[in-house]
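Worksheet: the structure to be examined is printed underneath.
Any read-out appearing in this document is the output of simple, stated calculations on the displayed coordinates, not a laboratory observation. In this text, all values refer to a predicted model and were calculated from it rather than measured experimentally. No Cβ is skipped: glycine too gets one built from the backbone with ideal geometry, and neighbour counts run over all protein chains shown.
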Ligand SMILES: Nc1ncnc2c1ncn2[C@@H]1O[C@H](COP(=O)(O)OP(=O)(O)OP(=O)(O)O)[C@@H](O)[C@H]1O
Ligand SMILES: [Mg+2]
């Protein structure tokens, strides 16, 4: 029996659960909203790190750029940004946003964040994607730290004291559920876009780069162009996720929220590896498992949570380097279409596979 | 008539090692031309120079009349000049079919053309070519699960999928089961006669190159030692000495 037959029903079920979840478990709404964004983190990381084989520790740059750009636009459309930031902590002026202003700010801020993140990927990618292997990884690590330092020293965007996104108008009350659904929608769209992408020749091209970049080039693929494009696609969705996360957290710290290498930056990698690098579902599964582990350790192991999380990371990397999906693929290769002989193939090669 | 590939006075050194010294040779369209020489005589280096994998120190390389010695690897490949590797290179994490699909010609295609769902016609072409090299039954296996010889055959099929004008093969029969070698020679001849691909082949197996090539160049110590039709090369004193005296 083909898995494909159940697929549409499976997708609908997941989305349905996502829609009713905040009503069923209102106490966990913020963790679940974070989970949807984590899925975006892991999916976008895996596009470049898993499918293309370029392990980046600097994807937080795009998250942070998207976050700041969105919030700065939300504010800057209506007030001078520096006055807004200076007024925090009880200045003379009170900055309020009415309903239209708030929505307008968001409607412009999120795309601006996505765009700036994408352009950042274009600029940085053209430079660092020429490097390979460990050199690339280390270089991206540096980029993340540098970006945090820049934000930390830049007065206009609040420097080290961070930035607070606009308050929602009093009339609408708490917007956290609104952002929950926004995060859910972003995760679904990101998933579907990447799923489509992996069925195109572009998907094969980045796999080819992962497996043997010199060969790919020798066969006429313009690898640099392809690599930069992949990073830009990754940055686009991360940029939107950044805008949402900033508004969800209600406070942006340059180092702990925006360019948070040791947390978000590492978690992105971890979630993808945990679930299975280079697979479509791996990052999704990895994000879910990770978020559950993280929240459970925060709740039950107060004080020791980071130690336990660290140990879990070590165990995963040592014993399950292939991740959950990789493990499943080794056990049941034919689920993934790796088989001798068998059915006829027509159309896109991966149509009948799980990836 | 000008040659399809024209190499003129090409030199290439790696530090103190003069891998190629003022090499000149020609490959005419539609032909099968051989390149032989003892180990380390500079054959692979010459191939790499031609496809732009490293810059040459001096000399000129023309493909279909166009100077290509300053072009990038991908751009040369897109002109229809494709090489295979002595140390076989395939995409190990992908299935054979996927290896084939992404090997389809990039000539004249832009980045945007990559954003198409793979076409059924391409899929059939990939299957036909896999059948052509005898890998049809393995088409849905990951390429890294193939044996070395099978990977060599896959790489050959991938090169054909690219529909090159000229195909440069670096020791296509190395590692292939001797029983299958005659079949492979047949395939190479068919690729030339039926698909119209000009072949330029490095080969250590004398029997293979003698039955395959119409014209043979022989390198020794980075220099062109001799050239001519197979019978002549086979009996050339210098060639025999080079091979016997090599080690
Ligand atoms: N990248 C490189 N760096 C340094 N030296 C190199 C490099 N590539 C080749 N050489 C040297 O150049 C010489 C020619 O090597 P090449 O690989 O072209 O020989 P070949 O004729 O292909 O030999 P074989 O039949 O063993 O494949 C050798 O002495 C080799 O050590
Ligand atoms: Mg060689």
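For the pair residue B:86 and residue B:237, label points projected 7 Å from Cα toward Cβ lie 2.9 nm apart.
The label point for residue B:117 and the one for residue A:172, both projected 7 Å from the Cα toward the Cβ, are 3.7 nm apart.
Report the calculated FRET efficiency for residue A:225 and residue B:105 (r = Cβ-Cβ distance, R0 = 25 Å), to the nearest 0.05. The calculated FRET efficiency here is 0.90.
Note on the protein assembly as shown: Kirkwood radius taken over Cα pairs, Stokes-Einstein applied at 10 °C and 1.306 mPa s, translational D equal to 59 µm² s⁻¹. Helical content alone sets the calculated 222 nm signal of the protein assembly as shown at -17000 deg cm²/dmol, taking -39,500 (n - 2.57) per DSSP H segment of four or more residues and averaging over every residue. Of interest is the spacing of the C-alpha centroids, which for segment B:82-143 and segment A:39-92 amounts to 39 Å. For the peptides A:44-56, B:155-167, A:161-173, B:46-58, residues were scored by their other Cβ atoms within 10 Å and the scores averaged per peptide; the highest-first order is A:44-56, B:155-167, B:46-58, A:161-173. Among the residues of B:108-114, the average count of other protein chain beta-carbon atoms within 10 Å of the residue beta-carbon is 4. Take every Cα pair under 8 Å in chain B that's 6+ residues apart, average their separations, divide by the length, and report that relative contact order as a whole percent. Rounded, it is 27 percent for chain B. The overall shape of segment A:2-264 is oblate: from the C-alpha gyration tensor, with semi-axes ordered a ≥ b ≥ c, the ratio a/c is 1.5 or greater and a/b is no larger than b/c. Full extension of the chain between residue B:131 and residue B:60 yields a length gain of 21.7 nm, computed as 0.36 nm times the residue separation minus the alpha carbon distance. Based on C-alpha pairs under 8 angstrom that are at least 6 apart in sequence, segment A:137-231 has a relative contact order of 11 percent.
Helix A:223-249 axis versus longest C-alpha principal axis of chain A: approximately 40°, rounded to the nearest ten. Separation of segment A:159-206 and segment B:154-226, taken as the distance between their Cα centroids, equals 54 angstrom.
Dimensions of segment B:183-247 along the principal axes, based on C-alpha atoms and rounded to the nearest Å, stand at 38, 20, 19, largest first. Taken residue by residue and averaged, Cβ atoms of other chains lying within 10 Å of the Cβ of B:89-99 number 6. The mean count of C-beta atoms from other chains within 10 Å of the C-beta of residues in A:207-214, rounded to a whole number, is 6.
Let a ≥ b ≥ c be the square roots of the eigenvalues of the Cα gyration tensor of segment A:1-75; is it rounded (a/c under 1.5), or, if not, prolate (a/b larger than b/c) or oblate? Oblate. Judged by the ratio a/c of the largest to the smallest principal axis of the C-alpha gyration tensor, segment A:8-124 counts as oblate, that ratio being 1.5 or greater while a/b is no larger than b/c. Once the Cα atoms are used to define both axes, helix A:201-218 deviates from the longest principal axis of chain A by about 70 degrees. With a cut-off of 19 Å on the backbone N, the residues of segment B:8-28 near the modelled label site 7 Å out from residue B:70 along Cα-Cβ are B:8-12.
Modelled spin-label separation between residue A:95 and residue B:204, with each label point placed 7 Å from Cα along the Cα-to-Cβ direction: 7.2 nm.
If you fit an axis through the alpha-carbon atoms of helix B:178-193 and take the longest principal axis of the Cα set of chain B, what angle between them do you get, 0 to 90°, nearest 10? Helix B:178-193 and the main axis of chain B meet at about 90 degrees. Using C-alpha pairs under 8 Å with a sequence gap of at least 6, the mean separation divided by the residue count of chain A gives a relative contact order of 29 percent.
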